[in-house]
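Each value in this text was obtained by applying a stated rule to the coordinates, not by laboratory testing. Given the structure is predicted, the values throughout are model-derived calculations rather than measurements. All Cβ positions, glycine included, derive from the backbone under ideal geometry; neighbour counts span all protein chains shown.
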Amino acid sequence: MASLSKSSQDGGVLEGGPSSSTSEYSAQYPWEWRTNANRATSWPAAAAEICEASQYGCGDGYHGRRTASGAKFNTYGRDPFTIAHKTLPFGREVTITNLANGRAIRAVVTDRGPFVRGRCVDLGRAGAEALGMGGTARVSVH
């Protein structure tokens, strides 16, 4: 593996990074490695998660209750649309695209779930209507 030494002439670029011919290093670290106040920048874009999405908050008792983040859940809220996701951090803004019709929305993670195998995201009723999904739909989350 290439040595990682910092030189004063290269402006903070670490030697042996992706610009070098070391494919082993590039395979292990696919992002561009640069120092900027001692942190790495130019991280790779996250891969989209493709899964089944479902709707919650209508008739199931969740509307009006506190979410896992502490916010009050409004299934009809449009500004912003809210979602439940198992692992994404609270407050993260994501784009959800219905793969059947191409409609997309921007939503904020405010809750945890869904707790049904094979599903990765629960949307409030307003978000589900905006995506044109009836019950469940195959979506891309990124």
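Observations on the model:
- For the range 49-107, the strands (runs of 3 or more DSSP E) that sit wholly inside it and include 1 or more residues that are buried (at least 19 other Cβ atoms within 10 Å of the Cβ) and of a type in the set (F, W, Y) are 81-85.
- Flag if A137 is in a strand (DSSP E or B) and closer than 13 Å to E52 by Cα: yes
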